[in-house]
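Below you'll find the structure, written out as structure tokens, and then a few comments.
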Amino acid sequence: MTAGVKPSRRLGLDLASIRLALSIAEHRSLRRAASVIGISESALSHRLRTLEDVLTVSLFHRSSEGVEPTQAGLIFFDQAREALRVLDLAVANAGAISRGVAGRLTLGLYTSLSTGRLRDALAAYAAEHPEVDLQIVEGDRSQMVEGISSRAIDMAVLLGAPDVKLGEPMPLWRERLHVVLIADHPLATNADIAWADVEGEDFLVSARGAGPEALQLLAARLAGPGRSLATRSHFISRETALSMVGMGLGITLMIESDLGRLPEGVVAVPLASEADDALVPLTAYRDPGNDNPPLRRFWSLLKSGYVEPSPSPEG
């Protein structure tokens with residue numbers, strides 16, 4: 001407890017009276033300070049006396065020429081200015097966080113940011129909210145789902161149609177699958193590639209990221225009675241997979257957002273549009289109880305400007 005100040009008196013301090021006293025100290029006159037503030041001189045004098053009673057100290061020497069801070073007043077005003085500056089900063093920061101323009105946003109990514117709508121959305125959000133600390137976490141599907149439930153991750157973007165068991169879903173858009181090949185592959189100059197064209201090809205499938213989904217898709221489309229699917233599963237990154245394709249070690253499947261900055265000698269050819277699964281849906285997930293303001297802002301940004309409209313029903 002501060003010596004000489006009883007708790008009841010310390011609790012009697014109010015910020016408005018401190019700010020009024022600071023204005024008096026700045027103008028060295030009750031009359032001028034009252035005129036600037038817009039209250040009567042008598043009301044200002046009463047507030048000052050009340051503050052001095054709470055502090056049990058005189059803050060000013062009064063004379064016919066005006067007022068001058070006492071030694072105790074000079075010390076008080078210096079410390080009060082700094083305290084109010086810190087408090088004002090805290091209030092501003094709290095307001096910024098509540099509006100989603102400060103704080104932290106942690107995104108779990110199952111896809112690449114090399115190109116595409118998600119990259120554009122993140123760039124737009126970062127430009128609009130530079131105060132937000134944007135954290136990116138990469139991992140497999142199970143890590144993303146666990147991160148959402150534990151709130152270690154605010155939002156994750158996963159491949160596949162919405163699944164309410166994974167969190168609150170928001171369908172985003174669909175991205176076309178591409179077959180990625182070495183440039184001298186016989187199919188490299190095709191306008192598009194059908195599943196039948198790649199039957200018997202040696203596929204490189206990553207053991208993380210979109211790899212497991214790609215393997216399931218390949219198995220469903222190309223495996224069957226009397227046929228075996230030739231795949232090589234590797235715990236590799238997108239960059240390593242592309243390097244292996246460029247070395248002629250196989251081909252791979254990637255969605256559009258994975259295709260930015262392909263290495264020299266590697267090309268991507270879209271899967272034929274008549275294929276039922278040529279378009280892969282992407283879905284954003286969050287914990288519905290997560291009230292992180294930056295998350296709310298980014299979620300709204302995606303919903304308002306980046307969600308693909310649902311196809312109109314025929315008829």
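The values are calculated or read from the model by the stated rules, or taken from the named source; none is laboratory data. All values reported here derive from a predicted model rather than from experimental measurement. Neighbour counts are summed over all protein chains in view; Cβ atoms, including those assigned to glycine, are modelled from backbone coordinates with ideal geometry. Accessible surface areas use protein heavy atoms only, side chains included; no ligands, DNA or RNA. Shrake-Rupley method; radii C 1.70, N 1.55, O 1.52, S 1.80 Å.
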Practice item. Rank-order 70-78, 37-45 by packing density, defined as the average count of other C-beta atoms within 10 Å over each peptide's residues, highest first. Key: 70-78, 37-45
Review point. So if we plug the beta-carbon distance of Ser243 and Arg119 into 1/(1 + (r/R0)^6) with R0 = 22 Å, what FRET efficiency do we get, rounded to 0.05?
Key: 0.55
Exercise for review: Could I have the simple spin-label model distance between Gln216 and Asp140, label points 7 Å from Cα toward Cβ, reported in nm to one decimal?
Suggested key: 1.3
Check your understanding: Given labels modelled 7 Å from the Cα in the Cβ direction, how far is it in nm from Ala194 to Glu26?
Key -> 7.9
Study note, to complete from the structure: Whole-percent carbon and sulfur contribution to the accessible surface of segment 113-216 (1.4 Å, no ligands, DNA or RNA) stands at 50
Check your understanding: Just the accessible area for Arg81, please: 1.4 Å probe, Å², rounded to the nearest 10?
Key -> 110
Practice item. Determine the gain in length on full extension of the stretch Tyr306-Val86; use 0.36 nm per residue of separation and subtract their C-alpha separation, reporting nm with one decimal. Key: 75.3 nm
Practice item. For a quick protection proxy, order the peptides 248-261, 277-290 by their average other-Cβ count within 10 Å, most packed first. Key: 248-261, 277-290
Exercise for review: Apply 1/(1 + (r/R0)^6) to the Cβ-Cβ distance of Arg62 and Glu131, taking R0 = 30 Å, and write down the FRET efficiency to the nearest 0.05.
Suggested key: 0.10
Review point. Tell me, what is the FRET efficiency for Asp291 and Ile37 to the nearest 0.05, using R0 = 51 angstrom and their Cβ-Cβ distance as r?
Key: 0.85
